[in-house]
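This report concerns only the one structure given below.
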Amino acid sequence: MKVVPSAFYQHPKIEKILVDGLSSVIFKRVTEADLQNQRYLSAHAVTLVLNGALRIEDYQGGLHMVAKNQLIFLPKGLYMISDIIPKDEAFTALVFFFDEAITHSFLDHYPHLSEAAAPDCMLFEYTQDLEYFVANLLLLYRGKGQSQFTRSKLLEFLHLLALSPQGNGFAKTLRSLRIKERKSIHVIMEEHFDKPLDIEDYAYLTGRSVSTFQRDFKSRFQHSPKQWLIQKRLEKAAQLLRSSATSISEITTMVGYENTSHFIKAFQRKYGESPKQFHIRHRKARVI
């Protein structure tokens, strides 16, 4: 699973137009399908499809198809995202990521909105105003390596979305994300403990603040989230080492670690031997 936008920042073929922490504008051009299409968005995102199409499946089972010259708003969270590449052409898209500070600043202009629930994902047409904005953005900032204008340009972009024909409920949708429905900690953690997420991300997925999540988690599991995650990830790693010939680097990613050396050190602390030694010992035991 890829955590974006950070994974995009590290990709040599993805062009960074504006970047300020988790808030950014990136240009994506793809000529070959990426089979690893599971994504965790660590910031809200709007994708403008310039060529090709997108197929997006959220973890509530909703399916969203985004055509050329359409935009889709996706709240931070888990998705299966597939780039649909036209024959003999490239898939191209502009992706806007914005953190909660930008969301709050945007919502300051809409103080009287109700707190009623609204749909999370939203489709927008590529209006002339948005087209002018994108053209000027690329002309002024592409290839310049700027960062100081990221937040102001993203705020301008959000206001243009709110003014579009489909934008009547956009501010309401953003506000509703502040009061996400609480979900079962047990279900979320059992399903996603092996993904490379932070405590803040798990808290968000369960619809809780970090402090409430940590309190509710300890009440449910009698351990801190960090202790529980290490235990679960290493137990899964041990199971894989006992039963398969999967490489150590592959197991690292399969159990939610992003750094192989960190995984090896944690495994050795728990089991008293390296993953490789553990695998060899259990392989010999199976042969005997």
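Summary table
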{"read-out": "Solvent-accessible surface (1.4 angstrom probe) belonging to residue 8, in square angstrom, nearest 10", "value": "20 Å²"}
{"read-out": "The stretch 212-288 - percent of accessible surface contributed by carbon and sulfur, probe 1.4 Å", "value": "50 percent"}
{"read-out": "Exposure rank, largest accessible area first [59, 132, 271; 1.4 Å]", "value": "132, 59, 271"}
{"read-out": "Within the stretch 8-117, trypsin sites (Lys or Arg not before Pro) in DSSP loop having at most 12 other beta-carbon neighbours inside 10 Å", "value": "13, 87"}
{"read-out": "Exceeding the 30 Å Cα-Cα cut-off - candidates 218/276; 13/172; 16/68; 13/87; 144/265", "value": "218/276; 13/172; 144/265"}
{"read-out": "Accessible-area value, residue 176, 1.4 Å probe, nucleic acids and ligands omitted, Å²", "value": "10 Å²"}
{"read-out": "Angle in degrees between helix 128-141 and the longest Cα principal axis of the chain, rounded to the nearest 10", "value": "60 degrees"}
{"read-out": "Whole-angstrom gap from the stretch 156-209 to the stretch 230-263, using each part's C-alpha centre", "value": "29 Å"}
{"read-out": "Solvent-accessible area per residue for the chain (1.4 angstrom probe, square angstrom)", "value": "52 Å²"}
{"read-out": "DSSP bridge orientation in the chain - percent antiparallel, rounded to nearest 5", "value": "90 percent"}
{"read-out": "Heavy atoms of residue 281: accessible area, 1.4 Å probe, square angstrom to 10", "value": "120 Å²"}
{"read-out": "Stretch gain in nm, segment residue 35-residue 190, where the contour uses 0.36 nm per residue and the Cα spacing is subtracted", "value": "53.4 nm"}
{"read-out": "Computed [θ] at 222 nm, helices only, for the chain once each DSSP H run of length n ≥ 4 contributes -39500 (n - 2.57)", "value": "-13000 deg cm²/dmol"}
{"read-out": "Angle in degrees between helix 210-221 and the longest Cα principal axis of the chain, rounded to the nearest 10", "value": "30 degrees"}
{"read-out": "Contour minus Cα-Cα distance for residue 215 and residue 274 (0.36 nm per residue)", "value": "17.9 nm"}
{"read-out": "Degrees, to the nearest 10: 260-271 long Cα axis against longest axis of the chain", "value": "40 degrees"}
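The values are calculated or read from the model by the stated rules, or taken from the named source; none is laboratory data. Computed from a predicted model, the values in this text were never measured in an experiment. Because the Cβ atoms are built from the backbone with ideal geometry, glycine has one as well, and the counts that use them run over all protein chains shown. In case anyone asks, the SASA skips ligands and DNA or RNA and just uses the protein heavy atoms, side chains included. Shrake-Rupley method; radii C 1.70, N 1.55, O 1.52, S 1.80 Å.
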